[in-house]
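Trainee: Got a structure here, written out as C-alpha cells. Questions coming.
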Amino acid sequence: PPPLQVVSYAPFTLLPSAVPRALFEQAYAVQQDFNLLVDAISRDQEFLERTLASTIKVDDFTAQLFRIHQQVLEEGLAQSVFLGINRSDYMFDCGVAGPPALKQIEINTIAASFGGLASRTTTVHGHVLRVLGMSEEAARLLPNNPARGLALGIAKAWELYGSPSAVVMFLVEEVQRNIFDQRCVENELWNRNIRVIRRRFRDVFEQGSLDGDRRLHVDGQEVAVVYYREGYVPKNYDQQNWEARLLLERSRAVKCPDIATQLAGTKKVQQELSRPGMLEKLLPGRSEAVARIRATFAGLYSLDVGEEGDKIAAAAIANPDRFVLKPQREGGGNNLYGEELRQVLERIKDSPERTSYILMDKIQPQPAINYLLRARSPLKASKCISELGIFGVYVRHGKELVLNEVAGHLLRTKAVEHADGGVAAGVAVLDTPYLV
C-alpha cells in the first residue's frame, strides 16, 4: 500500500546553542565576498572548464551538467538577469591551540534550504527560554528572517525580467518532505503580488515550451524565474528530466541557479579555490575580500592523477582520522570518514576514479550538551556539534550586480556520533545561535 501522508514537525533542539560572537560576525562579514566569488566563477568559462576537466572524465553527473553548460553557451545565453541564492556552511574548529576558528565546510549554490524554517526557529527557542524563566536570555536571541531575504532576491529578479503577468516557478521533487520550508518563501512572494506555481521536471517535459524569443511557457503561463529546489543529485534525473533541464537552461527565464552557478558549487571548484593565487585571479583588485574568504578555508587537497595526488592519498590512508573524503555531491550523507575513508582510498588510489573526490582536513568542533527533538525518537541529553550556515542573495543584470545581500543564518546541530548528514538526511536538527 502507498505510505500514509503523515505530517511531521521539523526536528529541532530543545535549547539554543552557544556560538562565539566573533565567529558569527566573521561569517556574516564574508558572505557578500562569497556572493561575488560565486558570481565570478559562474562567468569564467575557462576556469570552470579547466577545473572540472578531470572530474567530468570520471563523474557522469557533473559531466552531464557540464555538457548542458557548453550547449547553452554555444547557442548564446538568452538569460540576461542572474539570481544567486547560496548558503555558506561553517564549523568552529577547536583542533589547534588558540581560540576557535571559523572554517568553511562548503558553499551550496543550488536548492540551499531551511531559509523558511530558520525564520521560525528563533520564536520557538525564545518561547522555551521564557518557559524556563530565562526571559533576559530569550531577549538576546537575534531576529532572523532568511525567507524574506530570499524572497526579496527572487522578487528583484522577477521585476528585472520585466513581464508583470509572468510567474515564479518553484521546481520541486516528486515527493516533497520539506514543503513548509518552501512555503515560507512562496508566501513572501504572494504577499508581494507575485504569482507562484510549483512544478516538477516531469511537468516541464510535458508542458514546457520556448517561443521565438526563447521565453519559457509552462502550462500556458510565461515563467520569469525558475527556482530550483531539486536537481542537485543524480537520482533527480532520468532522460526526460535531463531534457527538461536543457529546455529550462536554454530559456530566457532567470534560473536560480543557472547551470554555471550550480557547477561553481562543486567540491572540485572548492578545492581549486584554495590553490595559491586562485582567488586573486577570480577577484582582481579585491585584496580585502580575498583575505576574508581565505581566512575561512580549511585544508583542501587534490586527488588528481600525479605525484601531488599520490602523496596526499598515501597520507590519508596512513592517518584517516585527520581527513574527510568528499564526492561531488550535494544533499548530505555522502562524505566518508575514518575506516571507510581508508577502505575507499585503498580501492581507488591507483585509478583515475579518485579525481572525482576531494580530501579535506577534518574539523574538530567543541561538543556541547543539548536535547534533540525528533519525531519518534527518544528524548535524551546528547553531546552535540553545530554547523552555521549563512544565506547570501545576489542579482546581476547583464554585467552589473544590482543586489548583493546577506539574507540571514541557519544553525543546525547533530549528535557527535553522526559524522555526516544534514537535516534533510535525517541527522541534523534546527537550532538557534545564542551568541557568547
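Trainee: Restricting to Cα pairs below 8 Å that are 6+ residues apart, what does the relative contact order work out to for region 261-327? Please round to a whole percent.
Mentor: It rounds to 25 percent for region 261-327.
Trainee: Another one. How far is it, in nm, from the label point at residue 314 to the one at residue 240 when both lie 7 Å from their Cα along the line to the Cβ?
Mentor: In this crude spin-label approximation the distance works out to 5.2 nm.
Trainee: Please list, in order, the residues from region 348-375 whose amide nitrogen is less than 15 Å from a point placed 7 Å along the Cα→Cβ vector of residue 278.
Mentor: 355-361, by backbone N distance to the label point.
Trainee: About the Cα centre of region 27-168, how large is the charge dipole given +1 on each Lys and Arg Cβ and -1 on each Asp and Glu Cβ? Please answer in debye to the nearest 20.
Mentor: Its charge dipole is roughly 500 debye.
Trainee: Could you work out the helix-only [θ] at 222 nm for the chain, with each DSSP H run of four or more residues adding -39,500 (n - 2.57) and the total divided by the number of residues, to the nearest 500 deg cm²/dmol?
Mentor: Computed ellipticity for the chain at 222 nm equals -12000 deg cm²/dmol.
Trainee: Taking the Cβ-Cβ separation of residue 6 and residue 209 as r and a Förster radius of 30 Å, what is the calculated FRET efficiency to the nearest 0.05?
Mentor: That gives a FRET efficiency of 0.20.
Trainee: So for the chain, taking the charge dipole from beta-carbon charges (+1 Lys/Arg, -1 Asp/Glu), which of 53, 121, 271 sits furthest toward the positive end?
Mentor: Positive-end residue among those listed: 121.
Trainee: Which ³J(HN,Hα) values in Hz, rounded to whole numbers, follow from the phi angles of region 253-270 under the Karplus curve 6.51 cos²θ - 1.76 cosθ + 1.60, where θ = phi - 60° and Gly and Pro get x?
Mentor: Along region 253-270, the couplings run 4, 6, 9, 10, x, 6, 5, 5, 6, 4, 5, 5, x, 6, 4, 4, 5, 4 Hz.
Trainee: Okay, next question. On a full-extension model of 0.36 nm per residue, what is the gain between residue 179 and residue 73, subtracting their alpha-carbon distance, rounded to one decimal in nm?
Mentor: Taking 0.36 nm per residue and subtracting the Cα distance, the gain is 34.8 nm.
Trainee: With each label point set 7 Å from Cα along the Cα-Cβ vector, what nm distance links residue 346 and residue 377?
Mentor: 3.2 nm
Trainee: Enumerate the calculated ³J(HN,Hα) couplings along region 368-380 in order (Karplus 6.51 cos²θ - 1.76 cosθ + 1.60, θ = phi - 60°), each rounded to whole Hz, writing x wherever the residue is Gly or Pro.
Mentor: Once rounded to whole Hz, the list reads 9, 7, 8, 10, 9, 9, 10, 4, 6, 9, x, 8, 8.
Trainee: Can you give the FRET efficiency to the nearest 0.05 for residue 416 and residue 63, using r as the Cβ-Cβ distance and R₀ = 41 Å?
Mentor: 0.70
Trainee: List the lysines whose Cα sits under 27 Å from the Cα of residue 383, skipping any in the same chain fewer than 8 residues away.
Mentor: Reachable lysines: 103, 326, 362, 414.
Trainee: When the dipole is taken about the Cα centre of region 185-229, and only Lys, Arg (+1) and Asp, Glu (-1) are charged at their Cβ, what size is it in debye, to the nearest 20?
Mentor: Around 180 debye, computed over region 185-229.
Trainee: Considering amide H positions built from the backbone, and no H for Pro or chain starts, which residues 5 or more places from residue 197, or on another chain, come under 5 Å of its amide H?
Mentor: Long-range HN contacts for residue 197: 168, 169, 170.
Trainee: Let me ask something else. For region 2-160, with every protein chain kept in place, what is the accessible area per residue (1.4 Å probe, Å²)?
Mentor: Heavy-atom SASA per residue in region 2-160 reads 44 Å².
Trainee: Rounded to whole Hz and in sequence order, give me ³J(HN,Hα) for region 44-57 from the Karplus expression 6.51 cos²θ - 1.76 cosθ + 1.60, θ = phi - 60°, writing x for Gly and Pro.
Mentor: 9, 4, 5, 4, 4, 5, 5, 5, 8, 3, 6, 5, 6, 6
Trainee: Using the charge dipole of the chain (Lys, Arg: +1 at Cβ; Asp, Glu: -1 at Cβ; taken about the Cα centre), state which of 187, 345, 328 has its Cα farthest towards the positive end.
Mentor: Toward the positive end, the furthest listed residue is 187.
Trainee: Could you name the aspartates and glutamates in cross-link range of residue 311, using Cα to Cα under 20 Å and dropping any fewer than eight places away on the same chain?
Mentor: Counting by Cα, and skipping residues close in sequence, residue 311 has these aspartates and glutamates nearby: 272, 321, 339, 340, 346, 350, 353, 361.
Trainee: Here is a follow-up. Okay, which of region 196-231 sit inside 11 Å, backbone N to the point 7 Å along the Cα-Cβ direction of residue 165?
Mentor: 221-222
Trainee: Classify region 261-406 as rounded, prolate or oblate from the Cα gyration tensor: take a ≥ b ≥ c as the square roots of its eigenvalues, call it rounded if a/c is under 1.5, otherwise prolate when a/b beats b/c and oblate if not.
Mentor: Since a/c reaches 1.5 but b/c is at least a/b, the shape of region 261-406 is classed as oblate.
Trainee: Under a Cβ-only charge scheme (Lys and Arg +1, Asp and Glu -1), can you give me the dipole magnitude of the chain about the Cα centre, in debye to the nearest 20?
Mentor: The calculated dipole for the chain is roughly 920 debye.
Trainee: Between residue 46 and residue 353, what's the calculated FRET efficiency when r is the beta-carbon distance and R0 is 30 Å? Round to 0.05.
Mentor: 0.70
Trainee: Further, regarding this structure: Out of residues 5 or more away from residue 362 or on other chains, whose amide H comes under 5 Å of its own, with H placed 1.01 Å from N in the peptide plane?
Mentor: 323, 324
Trainee: Next up: Which percent of the accessible area of the chain is formed by carbon and sulfur heavy atoms (probe 1.4 angstrom)?
Mentor: Within the chain, the accessible surface is 51 percent carbon and sulfur.
Trainee: Still on this structure: Quick one: of the DSSP bridges fully inside region 49-200, what percent are antiparallel, nearest 5?
Mentor: 65 percent
Trainee: Related question: Kirkwood hydrodynamic radius (Cα pairs, Å) of the chain?
Mentor: That comes to 22.5 Å for the chain.
Trainee: Moving to a separate point now. Suppose a student asked you for the relative contact order of the chain, using Cα pairs under 8 Å spaced at least 6 residues apart; what percent would you report?
Mentor: Reported relative contact order: 28 percent.
Trainee: Using alpha-carbon positions, what is the distance between the centroids of region 226-246 and region 148-212, in Å?
Mentor: Region 226-246 and region 148-212 have Cα centres spaced 16 Å from each other.
Trainee: Which of 138, 404, 302 sits farthest toward the positive end of the charge dipole of the chain, with +1 on the Cβ of Lys and Arg and -1 on the Cβ of Asp and Glu?
Mentor: Farthest towards the positive pole: 138.
Trainee: Rounded to the nearest Å, what's the spacing between the alpha carbon centres of region 259-331 and region 359-422? Just the number, please.
Mentor: Measuring centre to centre over Cα atoms gives 20 Å.
The values are calculated or read from the model by the stated rules, or taken from the named source; none is laboratory data. Everything numeric in this text was worked out from a predicted model, so none of it was measured. Neighbour counts are summed over all protein chains in view; Cβ atoms, including those assigned to glycine, are modelled from backbone coordinates with ideal geometry. Keep in mind that these areas ignore ligands, DNA and RNA; they rest on the heavy atoms of the full protein, side chains included. Shrake-Rupley method; radii C 1.70, N 1.55, O 1.52, S 1.80 Å.
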